[in-house]
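Taking it in order: structure first as structure tokens, then the write-up.
Just so it is clear, none of the values below were taken in a lab; they were calculated from the coordinates. Values in this document were obtained by computation on a predicted structure and should not be read as measured data. Glycine gets a Cβ as well: all are built from the backbone with ideal geometry, and neighbour counts include every protein chain shown.
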Amino acid sequence: MAAVNQDSNRSIRSKMLGYMLALRPWSFAASFVPVLLGTVLSYNQTKSFSLMIFILTVIVTLSVHGAGNLVNTYYDFHLGVDCDGADDRTLVDHLLTADEVVRFGAMLYTIACIAFAAIVYFSPARMEVLAFAFFGGLSSSFLYTGGFGFKYYALGDIIIFLAFGPIAVLFAFICQAGICIISVAYYAFPVVLVTEAILHSNNARDLEFDKRAGIITLAIILGDKRSYILYVILLFTPYLLFTFMAIFLSPYYALPILTIFSALGLQKQYRQQNLKILPVATARLNLILGILYVISCFLTGDL
């Protein structure tokens, strides 16, 4: 009986590990920071804040993000991108079955839709405006690898840039403020560039596996040397933007520049081809830099 219980506990732990690996929670900073940013910009504009709407917005974005990660796991395995030696071990090591991944993804999309319906009820924004932003983000999370599969034709960077940049920030802003101000999207640029660096470092790490699977990514097109140059551009352009903003707008925008030493360490890791944990490390920078940037925006108090 004790042996049966131990086997059952091991099976449960294995399943939980599989769900965690498929979700890639380390990447959630890429969707949480834009929500935080859009919420703060809304407060600067309206001087009002709804905790209920904020919580619902976080649930929507994290659920859609997590579901998109599961879609990525399913199609990467289905198309032979994930195989022996690949970083995503969820289906390769049979931690979950393909059906379990599909069901979990469908559940997360359902949770996102329910939370969105609640936002429509509580938010002062018009339903059609909210729906445009919501379904834009939801479809992007699926089409990255599902359907057309933009990732497999070197177009995934465009999808990620839009979904985790302007769309996410505008969605959070509209949910709180009830109005759409397009210029809010410009505030997403410093953060989404680092998000793109996460994606690019991930594709650079998986370059050989992607080549063998016959897919095309920007890292494959550019090759090792130019991929490193692009990573450096994505990583350090935000610091140039923060410097410009600190000089011409408010000195508070210099706050995120405190993270530049971490960025220097990351580019050194890339140059030395220590790519295995680079996406996770870049996501960590994205979270810290993003929070400091949000604090900067809050302290300036303007839009």
Quiz item: Among the lysines, which have Cα under 27 Å from the Cα of residue 211 when same-chain residues fewer than 8 positions away are ignored?
Solution: 151, 225, 268, 276
Exercise. Using a cut-off of 15 Å between beta-carbons, work out the net charge of the residues near residue 232 (Lys and Arg +1, Asp and Glu -1, residue 232 not included).
Key: +2
Quiz prompt | Residues listed by number, the range 244-277, amide nitrogen under 15 Å from residue 186 label point at 7 Å toward C-beta | solution = 244-250
Self-check item: For q = 0.13, 0.17, 0.25, 0.26 Å⁻¹, Debye-computed log10 I/I(0) when each Cα of the range 183-242 counts as one equal scatterer
Solution: -0.38, -0.59, -0.95, -0.99
Self-check item: Intensity falloff of the chain expressed as log10 I(q)/I(0), Debye formula with alpha-carbon point scatterers, at q = 0.07, 0.11 Å⁻¹
Solution: -0.28, -0.68
Exercise. Using only C-alpha positions, report the orientation-averaged shadow area of the convex hull of the range 7-159, nm², one decimal.
Key: 10.6
Exercise. Go through 241, 169, 200 and say which Cα lies farthest out towards the positive end of the charge dipole of the chain; charges sit on Cβ, +1 for Lys and Arg, -1 for Asp and Glu.
Key: 241
Self-check item: 5 Å binning of all Cα-Cα separations within the range 163-303, expressed as whole percents from 0 upward
Solution: 2, 10, 18, 20, 17, 13, 10, 6, 3, 1, 0
Practice problem: First check a/c for the range 162-211, with a ≥ b ≥ c the square roots of the eigenvalues of its C-alpha gyration tensor; if it is under 1.5, answer rounded, and if not, answer prolate when a/b is larger than b/c or oblate otherwise. | Solution: prolate
Quiz item: What does the charge count near residue 281 come to, summing +1 for each Lys or Arg and -1 for each Asp or Glu among other residues with Cβ under 12 Å from its Cβ?
Solution: +4
Quiz item: How far apart, in nm, are the 7 Å Cα→Cβ label points at residue 249 and residue 272?
Solution: 3.5
Quiz prompt | Helical mean residue ellipticity (222 nm; -39500 (n - 2.57) per DSSP H run of 4+; nearest 500) of the chain | solution = -24500 deg cm²/dmol
Quiz item: Once the Cα gyration tensor of the range 8-66 is diagonalised, what are the square roots of 5 times its eigenvalues, in whole Å and ordered largest first, as equivalent ellipsoid semi-axes?
Solution: 33, 11, 7
Quiz item: Span-like helices, the chain: DSSP H, alpha-carbon axial extent 30 Å or more, mean Kyte-Doolittle -0.5 or greater, which ones?
Solution: 2-23, 51-78, 98-122, 218-248, 278-300
Quiz prompt | Rg over Rh [alpha-carbon atoms, Kirkwood Rh] for the range 30-120 | solution = 1.13
Quiz item: Debye sum, Cα scatterers, the range 98-214, no solvent: what log₁₀ I/I(0) at q = 0.13, 0.19 1/Å?
Solution: -0.61, -1.11
Self-check item: Size of charge dipole - the chain - debye, nearest 20, with Cβ of Lys, Arg +1 and Asp, Glu -1, no other charges
Solution: 440
Quiz item: How far is the Cα center of the range 215-240 from the Cα center of the range 145-197, in Å?
Solution: 19
Quiz item: Which shape class applies to the range 240-303: rounded if a/c is under 1.5, otherwise prolate when a/b exceeds b/c and oblate if not, where a ≥ b ≥ c are the square roots of the Cα gyration tensor eigenvalues?
Solution: prolate
